[in-house]
Amino acid sequence: MTKAKDIGDKSPEFILEARGLTKEFKGFVAIKNLDLKIRRGTIHALIGPNGAGKSTVFNLLTKFLSPTKGHIYYEGRDITAAKPADVARMGMVRSFQISAVFPDLTVLENVRVALQRRVGSSFKFWRSDNTLKQLDARGFELLEAVNLVDLSMHRAADLPYGRKRALEIATTLALDPSMLLLDEPLAGMGHEDIERTAQLIRQVATTRTVLMVEHNLSVVADLSDTITVLRRGELLAEGDYATVSSNAEVMEAYMGSVNA
């Protein structure tokens, strides 16, 4: 395990910070000198037109990519050289754009897998029912939080798409993160699932920090405390929705590039 370097007391205000973050791919600069601060206990949205660099920033922050230059700090520790598993153990957990659940396990069993990982073990079918049932109380708490208790014994593969995303959030919460990173959590959802999942994100954020990449501007406007707008890998604007939506450059670069 690569240990993150301690740079002093963690900031009471900012849980995650990037300084001068740059990523080049064979001469192409995908992210250029980006400074980013995520305030503790808030919902922070990362938006921008296609090709703006949102996914690259997410991959850099969660250590699936290494920066060409710059530094990343989480809870006051330099995690620039850390591995993805390291930062997850520190409490920063990512939920992917494509739902990642075990399709042939039940909803409850999926949560059990995550709970066992949290305590440092792995899911084993040959464990006694009593051993596995020790995880059920917390498992049902998580399923209740995402409104999946009634579906606990259903195969994950049989869930509607929106409910699979809710299950993914439940398994992510099983790791007890301090910060949750959501990559397009509403992608592919119908109106009803969008409303349900947006409410879930708001609920999750009452006790955690959330950073999300999301294209649904109405949800971004409704949920986000702070919005960072990227354009061609650089910071274009930042602030609340009223601030960024009234920015002429944002309107030209982002608002005008998507269908209303």
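Quick notes on this one:
- Of all residues in the range 50-91, those being under 16 Å from residue 232 (Cα atoms), surrounded by 20 or more Cβ atoms within 10 Å (Cβ to Cβ) and in contact with a helix residue (DSSP H, G or I) (Cβ under 9 Å, 6 or more places away or on another chain) number 1.
- Condition met for residue 153 (in a loop (DSSP other than H, G, I, E, B), touching a helix residue (DSSP H, G or I) at 6+ places or on another chain (Cβ under 7 Å) and modelled with pLDDT of 90 or more): yes
- In the range 186-213, residue surrounded by the fewest Cβ atoms within 10 Å (Cβ to Cβ) [restricted to those that are within 25 Å of residue 74 (Cα to Cα), out of contact with any strand residue (DSSP E or B) (no Cβ under 6 Å at 6 or more places or on another chain) and not aliphatic (A, V, I, L, M)]: 206
- The range 214-246, residues that are out of contact with any strand residue (DSSP E or B) (no Cβ under 8 Å at 6 or more places or on another chain) and β-branched (Val, Ile, Thr): 219
- Residue match in the range 250-257 (condition: without any contact (Cβ under 8 Å) to a residue 24 or more places away in the chain and over 18 Å from residue 50 (Cβ atoms)): no
- Subset of the range 161-176 [closer than 20 Å to residue 74 by Cα, surrounded by 21 or more Cβ atoms within 10 Å (Cβ to Cβ) and not hydrophobic (A, V, I, L, M, F, W, C)]: 172
- A Cβ distance below 8 Å, combined with a sequence gap of six or more or placement on separate chains, defines the contacts here; from the range 95-107, residues that are on the phi < 0 side of the Ramachandran plot reach residues that are loosely packed, with under 13 Cβ neighbours inside 10 Å and at pLDDT 90 or above in the pairs 103/157; 104/157; 106/153; 107/153.
- Number of the exception - residue 94 against (1) closer than 30 Å to residue 73 by Cα; (2) modelled with pLDDT under 85: (2)
The values are calculated or read from the model by the stated rules, or taken from the named source; none is laboratory data. What you see is a predicted model; the values in this text were computed from it and never measured. Counting neighbours? That spans all protein chains shown, and the Cβs are built from the backbone with ideal geometry, glycine included.
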